[in-house]
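Visitor: Below are the structure tokens for one structure; questions will follow.
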């Protein structure tokens, strides 16, 4: 990430450098479930410090997955009032597997703080790229909005590992200009430009004020770097809670490893016996049980095998893990009941919605920014398709996972009967939502 930023600066671009790269690297480590400074440690055993590795429950990735599934899934509905334009946009989204890939991008954006949709023309068709935070380089910011930006993506050509740079800047007239660069990493690690693939222009003047990129971020303030154009991970302020979960989980696993039944046997019981055919076999198979041979001298003859049964503190660990998971869930905006170890009793949909009121509010909040990003993507597709980009875009999310849809539909039927809701509004809301 630092090398790409340095390359852009050497080309004369003003890269916004606010220290986000180091934070993104930390969030990425938690997303991968392995943070060397925390999960790798040394423990003194009385003689020396031996290396240890803490087990991880991988909750950072689980949190990001859950937010992606709550916000953008297969039920996302995007529509335009112009049927022809609606069909063209739908075809582009389907051709780019938008719902599946956008779901993965939202997961990465909530884990690393930022993601981006980038639109371009490839082989005569509109294509969409999905870029994660460590490949996004803001170049200009106005009113808290990134107006110029560079995006990098990795390309593999045989044994060559290439970096494709897509740079969006504004000309003097306020229209976007897109520059394309292809870079190859040398053996020394430096980046050197190489020819672009056939059909890719080095410079593309859009002659349009419509940006061909949209940033995706959690709708929370970046309190770690105030004023940064980059977003903040949804678990950025829950690192202590992530550590707490893994500490308890690691201790829980160790409890069962250390609590395994052991046998104390006289050393004579553990000796190797020689069979008649010359094959040496132990009396105790180490694969069958875990035993310790103790040399008791002459007392061996009168000794018998002794069991050591460690008392497991499973109840205490499970209680601690429930508390740690609840604290993490709250800190990540998912409510206190998101992650539970025990099976929950059956509840009505209305009771579930009531219990998830905090989650519902946060979902609505995040949908505001995500809706703007999806609408911006649609306008970019319209612009690249030489269609009017100022058409009103309707973006509807699937809230059935947190909202009592049956109760909402009954309420809308009552409003329809009372004349508050028109037939066209009811049909647009429910029949288009269900795909009927």
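Visitor: Grab the Cα-Cα distance for residue 75 and residue 141, subtract it from 0.36 nm times how many residues apart they are, and report the gain in nm with one decimal.
Guide: Length gained, residue 75 through residue 141: 20.4 nm.
Visitor: Where does the range 179-238 land on Rg/Rh, using Cα atoms and the Kirkwood Rh?
Guide: 1.15
Visitor: If neighbour count is taken as other Cβ atoms inside 10 Å, put 15, 131, 216 in order from fewest to most.
Guide: In order of increasing Cβ crowding within 10 Å: 15, 131, 216.
Visitor: How far is it, in nm, from the label point at residue 251 to the one at residue 322 when both lie 7 Å from their Cα along the line to the Cβ?
Guide: Rounded to a tenth, the inter-label distance reads 1.7 nm.
Visitor: Cα centroids of the range 4-42 and the range 227-260: how far apart, whole angstrom?
Guide: So the two Cα centres are separated by 20 Å.
Visitor: Just to check, using Stokes-Einstein with a Kirkwood Rh over alpha carbon pairs, what's the diffusion coefficient of the range 137-179 at 37 °C and 0.692 mPa s in µm²/s?
Guide: It comes out at roughly 278 µm²/s.
Visitor: Could I ask something else about it? Would the range 1-94 count as rounded, prolate or oblate if I go by the C-alpha gyration tensor, calling it rounded below 1.5 in a/c and otherwise prolate when a/b exceeds b/c, oblate otherwise?
Guide: The shape class here is oblate.
Visitor: For the range 108-154, what D do you get in µm² per second when you plug the Kirkwood radius from alpha-carbon pairs into Stokes-Einstein at 20 °C and 1.002 mPa s?
Guide: 183
Visitor: Another one. Could you sort the peptides 387-397, 67-77 by per-residue average Cβ neighbour count (10 Å cutoff), highest mean leading?
Guide: Highest mean packing first, the order is 67-77, 387-397.
All of the numbers you see were taken from the coordinates with simple rules; none came from a lab. Every value quoted in this text rests on a predicted model; they were computed, and no experiment measured them. Here the Cβ is made from the backbone with ideal geometry for all residues, glycine too, and neighbour counts use every protein chain on show.
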